[in-house]
């Protein structure tokens, strides 16, 4: 679907608030990939991202009449998503927070050599790719929640510092400084430990069975390899004259966007089909 301009989104909001169901459905379809990818990077797993994305989209729908146009609609939805995800306590890592120290120790000391073949005849290259995407995404959980937001908005969504600062309620200058520091922290870890994106010893193909044994990889459920990869332009309008905050912009190619799962789309559509549009109309 072609991306809508800021002006077109505002027209759709006005139409939806006035009771136009088709306009509301278009707004949801325009935002759902962005919301899902924000949730996936913030929470670390597809299952948790699907649940959170549904919550955020429902908040967007039910609070639509409160949108005043003081910011762009995309910024408004980002703010709803970020605020929801910062306080989201139902995801896998909420009670088991990760750290770079833990991750590094596991790479250095994990017993990977004596693990039997657990691949269940699934292609090892496919499993290694799944592990690579999963591992780098879960690695974001080593960042505190504010730093994770900053990294995701600047690196995956390529937001300029004005828009990102507006979402996170900080000045553009503070955002640029924080983003540069977080990027360097991530890049330093990758260079030290990761053999896929840096010069480290860890290679996904050598850790497949270890990851299956430790329940970090399920050969029968390859979320990343079965997801539909999309371009950032499909997800949102990108400013290609992006600020050159630092030289690390190309170091994070693992931040790939994916289409929102069909299950999420179906559940939201079912909600729209079963709900009176009075939920979004001004009282």
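The values are calculated or read from the model by the stated rules, or taken from the named source; none is laboratory data. What you see is a predicted model; the values in this text were computed from it and never measured. Backbone-built Cβ (ideal geometry, glycine too); neighbour counts: all protein chains shown.
Quick rundown of the values:
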read-out: Condition check for residue 197: buried (at least 17 other Cβ atoms within 10 Å of the Cβ), in a loop (DSSP other than H, G, I, E, B) and more than 19 Å from the chain's Cα centre (by Cα); value: yes
read-out: Any helices (runs of 4 or more DSSP H) falling wholly within region 28-126 and containing at least 1 residues that are within 17 Å of the chain's Cα centre (by Cα) and touching a residue at least 40 places away in the same chain (Cβ under 8 Å); value: 46-62, 73-86
read-out: Residue within region 9-29 that is out of contact with any strand residue (DSSP E or B) (no Cβ under 9 Å at 6 or more places or on another chain) and closer than 24 Å to residue 145 by Cβ present; value: no
read-out: Subset of region 4-26 (residues that are closer than 13 Å to residue 269 by Cβ, under 24 Å from the mean Cα position of the chain (by Cα) and without any contact (Cβ under 8 Å) to a residue 60 or more places away in the chain); value: 26
read-out: Within region 2-16, considering residues that are assigned to a loop (DSSP other than H, G, I, E, B) and touching a helix residue (DSSP H, G or I) at 6+ places or on another chain (Cβ under 9 Å), the one modelled with the lowest pLDDT; value: 3
read-out: Qualifying residue in region 201-223 (condition: at pLDDT 90 or above, assigned to a helix (DSSP H, G or I), out of contact with any helix residue (DSSP H, G or I) (no Cβ under 6 Å at 6 or more places or on another chain) and within 26 Å of residue 53 (Cβ to Cβ)); value: no
read-out: Per-region count, region 241-266, residues over 30 Å from residue 195 (Cα atoms) and either surrounded by fewer than 16 Cβ atoms within 10 Å (Cβ to Cβ) or at pLDDT below 65 (or both); value: 4
read-out: Whichever residue in region 72-104 is touching a helix residue (DSSP H, G or I) at 6+ places or on another chain (Cβ under 7 Å), at pLDDT 90 or above and surrounded by fewer than 16 Cβ atoms within 10 Å (Cβ to Cβ) and, among such residues, is farthest from residue 166 (Cα to Cα); value: 99
